[in-house]
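Peer 1: Have a look at the structure that comes next, please.
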Amino acid sequence: MHRTAPSPLTDYWDRYKPQHLHEGPPPEVDVFEWTQYPGHGPGAELLGSPATALELGCAEGREAVVLARNGVHVTALDFAPAQVSRARRWWQQTPGLEVLEAEACSYLEHTLTRFDAIYSVWGAVWFTDPEQLLPLVAGRLRPGGVFAFSQAEPVAEYGPQPMRGAWLEGQMSELTVLRWQYTTESWADLLKRHGFTTISAEVLPAPEPDRLGTLIVRAERPAGPQRPVPSPGG
């Protein structure tokens, strides 16, 4: 049987949340949510009181909007064109919010900007090799800056795990992407090895029994001299 070639990863995410499903007005957004359960768990306080923030894998940009409306200058990245287009259309009138079409590691390698906070809500941190990503994040945080992210509770196997398109509501079953999942102890070790301090990593249980919990990780960049950012390809 003839099988079509896998689509690019950008198409994968564009089809996961198709733009045509969100052609109406933007939703009401007033709460920063780390978990998949509305009203459950901590909010933006995990980031401290940043003046600037970078979101890695913003999708439609809900959390970025909440921060921007509270006076934070937010740069929100996503590498899927449909996601970026929707976010810009919904939130283009939001002061302090910039939505960019960019891949996380590439942006971190090339930008000269340093941020008070870098975060990811079920976003790019889950789908990027931490050995590549973490030193880049550390290099783009200001001294004392916060790095925080959330993703699904890790289960069974650890490390890079294949996630096929069929997992996403039966769409794009030809394409497989990798997501990185580790125990809380492993995340703490990874972050410590890459120069982070004041590390907390925990699984927040779901609000209902037998539902998947949420991994929430927070760490800080030491308030001292920073390591140089790795050069592209180096």
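Peer 1: Quick one: how many residues across segment 61-75 are over 14 Å from Asp30 (Cβ atoms) and out of contact with any strand residue (DSSP E or B) (no Cβ under 9 Å at 6 or more places or on another chain)?
Peer 2: Number of matching residues: 1.
Peer 1: Across segment 35-58, what is the number of residues that are in contact with a helix residue (DSSP H, G or I) (Cβ under 7 Å, 6 or more places away or on another chain) and under 26 Å from Ser106 (Cβ atoms)?
Peer 2: Residues meeting the conditions: 5.
Peer 1: Turning to a different aspect of this structure: Filtering segment 68-90 down to residues that are of a type outside the set (Phe, Trp, Tyr) and in a loop (DSSP other than H, G, I, E, B), which residue is most open to solvent (accessible area, probe 1.4 Å)?
Peer 2: Per the criteria, the residue is Asn70.
Peer 1: Can you tell me which residues in segment 122-162 are over 16 Å from Trp187 (Cβ atoms), of a type in the set (A, V, I, L, M) and either assigned to a strand (DSSP E or B) or modelled with pLDDT of 95 or more (or both)?
Peer 2: Correct list: Leu136, Leu141.
So that you can scan it fast, the table gives a plain yes or no per residue for (1) surrounded by 18 or more Cβ atoms within 10 Å (Cβ to Cβ); (2) in contact with a Gly (Cβ under 6 Å, 6 or more places away or on another chain); (3) polar (S, T, N, Q):
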site: Phe32; (1), (2), (3): yes, yes, no
site: His40; (1), (2), (3): no, no, no
site: Glu45; (1), (2), (3): no, no, no
site: Leu56; (1), (2), (3): yes, yes, no
site: Gln92; (1), (2), (3): no, no, yes
site: Leu108; (1), (2), (3): yes, no, no
site: Trp122; (1), (2), (3): yes, no, no
site: Gln132; (1), (2), (3): no, no, yes
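Peer 1: Can I ask one more? Return the total of residues in segment 191-223 being crowded, with 19+ Cβ neighbours inside 10 Å and modelled with pLDDT under 95.
Peer 2: Selection size over segment 191-223: 0.
The values are calculated or read from the model by the stated rules, or taken from the named source; none is laboratory data. Not measured: the values here are computed from a predicted model. No Cβ is skipped: glycine too gets one built from the backbone with ideal geometry, and neighbour counts run over all protein chains shown. Ligands, DNA and RNA are excluded from the accessible area calculation, which covers all protein heavy atoms including side chains. Shrake-Rupley method; radii C 1.70, N 1.55, O 1.52, S 1.80 Å.
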